[in-house]
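Student: This is the structure, below, for whatever I ask next.
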Ligand SMILES: Cc1ncc(COP(=O)(O)O)c(C=O)c1O
């Protein structure tokens, strides 16, 4: 537990020394004494809010889980070193077998309860062509969110594509309509429906469609879909359009550590469906419940990825004396449910709340769950500046965001394996201090020329890569 009084005392010392930190008056018109009292009260509330966040505990990553993870990847190291032997680093190492195993496991988990289901891989989670090719080979369709992704899916020969996302352009809609035997458009709004009708009429074709429903009517997620309360109106209007065949509903929420949030939405959806006109209920041939299944590994975090860490780093920005925690340890952990639990509980909710009202297919759009472990990043140590600071040949432009400031992803020295973690700042070679891979490595030692491996970089990394300063690395396929 963090000592609140220490922070408070320290803050008051700072306040005394720095007039800029004196509490601001809330209402300029209030008498001076009252102003000071209100401001003091506010400071007090703020301290209590900060205290509440600092006292929150995020569980730490259990040693056995971490050791199993590290050991299982070290076991593959000889083969990995052999495969990358003749190639340049940095590179992504792609393992198609992992995609195959995950795609099969995901389908198996849900099909045992919902045999009629359909599965669409969310291409945005990893847009490496061979990932999509491999999932198609496993009987998946593709979930695309742009004209570029749609064109790729068509080029790959995908025969079953759902196209979702807000603000689709005329060209994107035209491409979908031109391929109406393969594509279902998941409309995002009333105005998109009207535009889709116009574009489809121009081509003289009918397009199958669904409508996305807003899962969170407040905050940033409200940009997606229409409100549940507008569904009846939407269906009624769609019946005026000769070129749109409205057949289904879609929802999606991200980052689900368990099925609770999705189940809550299924219950809300059920109430809405129950109030639709009976003939409109019959139109619904599919309900697509989206993606968002967190991988079973759980979420592994650095201190900076926890609410307490965020507050600590804000405090340390004001005064370096607050820098409370060693960056390398401990590692934090948010547990997630196995996919079998998602499958059991979601199908139970669907049979209780949906299939009692209408009979329809259930569709899924997993991305992260399928792709998370299919890619590793391989780097080489270019420069050992000090015992606790090395520079690698690749930069975090390979993942496109400052992932490792918040996420803990173990760095394995596959040239000198050992089941011990050593503190060391591992940075990339970009000219920015935010180019950080991690604050520790696993291995006996670290030297220039060593190969480092960062496993489980298959989701929302490759697709976000950038040609920033350095070009994005190549992909090598691990047989
Ligand atoms: C509509 C839609 N479906 C599916 C996904 C895939 O989600 P995840 O990778 O979390 O499974 C996303 C991700 O943003 C999405 O927006």
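No value in this document is a laboratory result; all are computed from the given coordinates. Note that the coordinates shown come from a computational prediction; the quantities given were computed from them, not determined experimentally. Methodologically, a virtual Cβ is constructed for each residue, glycine included, from the backbone with ideal geometry; neighbour enumeration extends over all protein chains shown.
Student: Compute the Kirkwood hydrodynamic radius of the range 322-415, taking the inverse of the mean of 1/r over all pairs of distinct Cα atoms, and give it in Å to one decimal.
Tutor: 18.2 Å
Student: Taking a point 7 angstrom from the Cα of residue 194 along the C-beta vector, which residues in the range 229-265 have backbone N less than 19 Å away?
Tutor: Once the point is set 7 Å along Cα→Cβ of residue 194, 230-246 turn out to lie under 19 Å by backbone N, inside the range 229-265.
Student: Using r as the Cβ-Cβ distance of residue 257 and residue 97, and R0 as 22 Å, what FRET efficiency do you calculate, to the nearest 0.05?
Tutor: So the FRET efficiency works out to roughly 0.25.
Student: Nearest 10 degrees, 0 to 90: what angle lies between the long axis of helix 32-55 and the longest principal axis of the chain (Cα atoms)?
Tutor: 80 degrees
Student: Right, next: Where does the range 91-132 land on the Kirkwood hydrodynamic radius, alpha-carbon pairs, in angstrom?
Tutor: Final number for the Kirkwood radius of the range 91-132 is 11.7 Å.
Student: Quick one: what do you get for the chain if you divide its Cα Rg by 2.2 N^0.38 Å?
Tutor: In units of the 2.2 N^0.38 Å rule of thumb, it is 1.13.
Student: Follow-up. What ranking of 369, 437 emerges when the number of other C-beta atoms within 10 Å of each C-beta is taken as an exposure proxy, fewest first?
Tutor: Lowest count first: 437, 369.
Student: Let me ask you something else. Which whole-number value in Å³ per residue fits the convex hull of the alpha carbons of the range 118-257?
Tutor: 112 Å³
Student: Please compute the Kirkwood hydrodynamic radius over the range 42-148, one decimal place, Å, based on all pairs of different Cα atoms.
Tutor: This gives a value of 18.5 Å.
Student: Which length gain, in nm to one decimal place, applies between residue 401 and residue 268 when the Cα-Cα distance is subtracted from 0.36 nm times their residue separation?
Tutor: 44.4 nm
Student: Separate question: Going highest first, how would you order 336-348, 214-226 by mean Cβ packing within 10 Å?
Tutor: 336-348, 214-226
Student: Once both labels are modelled 7 Å past Cα along the beta-carbon direction, what's the residue 233-residue 389 spacing in nm?
Tutor: Reported label-point gap for residue 233 and residue 389 is 6.0 nm.
Student: To continue, here is another question. Please arrange 368, 202, 416 by counting, for each residue, the other beta carbons lying within 10 Å of its beta carbon, fewest first.
Tutor: Sorted ascending by nearby Cβ count, the order is 202, 416, 368.
Student: Can you give me the three principal axis dimensions of the range 354-479 from its C-alpha atoms, in Å, biggest first?
Tutor: 66, 34, 31
Student: Bin width 10 Å, origin at 0, all Cα-Cα pairs of the range 156-212: what percent of pairs per bin?
Tutor: Final binned percentages: 26, 61, 13, 0.
Student: On to the next question. What does the range 382-452 give for Rg and for Dmax, in Å, if only its C-alpha atoms count?
Tutor: 11.2, 32
Student: Also, quick follow-up: Share of antiparallel DSSP beta bridges in the chain, in percent to the nearest 5?
Tutor: Taking every DSSP beta bridge within the chain, about 40 percent pair in antiparallel fashion.
Student: Moving on. On a full-extension model of 0.36 nm per residue, what is the gain between residue 471 and residue 357, subtracting their alpha-carbon distance, rounded to one decimal in nm?
Tutor: Here the answer is 35.7 nm.
Student: 222 nm [θ] for the chain, helices only, -39500 (n - 2.57) per DSSP H run of 4+, per residue, to 500?
Tutor: Using -39500 (n - 2.57) per qualifying helix, the result is -11000 deg cm²/dmol.
Student: Now for a different question. Can you sort 289, 454 so the residue with the fewest Cβ neighbours within 10 Å comes first?
Tutor: Sorted ascending by nearby Cβ count, the order is 289, 454.
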